[in-house]
Amino acid sequence: MAAKKRHLGGEFKPHVRSGDEVLILAGKDVGERGRVAKVMPQWERAIVEGRNIVIRHQKARGGQQVTAEQRAGRISKPAPIHVSNLMVICPSCNQPTRIGHQRQEGKWVRFCKREGCGEIIDRRETT
């Protein structure tokens with residue numbers, strides 16, 4: 001059964017963002033780390049690169065030029081994971097951590113709540 005759309009736009013803001021390194025807390029890949037490829041806030045789910053791989057059987061579609069998504073056979077691809085089963089890994093202390101929010105220079109930023117760390121998790125753009 002496909003995941004139900006639970007939120008309209010702007011109602012739910014997940015604690016993970018694309019590009020974050022996360023630890024998987026539940027499911028068949030429990031205890032493994034990976035990088036978030038895509039976040040789907042409407043469904044409260046995220047796709048983690050190389051984790052939660054499922055096999056889909058599909059028929060060939062399309063005309064003469066068949067792309068990778070249109071070929072027939074057993075296709076392996078990552079399936080979405082609920083965001084409650086993901087924990088962000090702090091880039092500075094390299095440990096799974098809970099996320100805190102604070103205002104810095106007029107913007108909300110995420111920070112590591114692990115004892116003794118407190119580093120900013122958000123990526124800074126250098127221009």
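Pairs K28/K113; K4/K28; K13/K113; K77/K113; K4/K107; K28/K107: which exceed 29 Å Cα-Cα? In this structure, K77/K113; K4/K107; K28/K107 lie more than 29 Å apart at Cα. Electrostatic bookkeeping for A79 treats Lys and Arg as +1 and Asp and Glu as -1; over the other residues with beta carbon under 15 Å from its beta carbon, the sum is +3.
Bridgeable aspartates and glutamates around K59 (alpha carbons under 18 Å apart, same-chain partners fewer than 8 residues away excluded): E69. Positive contributions from Lys and Arg (+1) and negative ones from Asp and Glu (-1), summed over other residues with Cβ under 11 Å from the Cβ of E44, come out at +4.
Just so you know, all these numbers are worked out from the coordinates, no wet-lab data involved. Keep in mind that what you see is a predicted model, and the values were worked out from it rather than measured. Glycine gets a Cβ as well: all are built from the backbone with ideal geometry, and neighbour counts include every protein chain shown.
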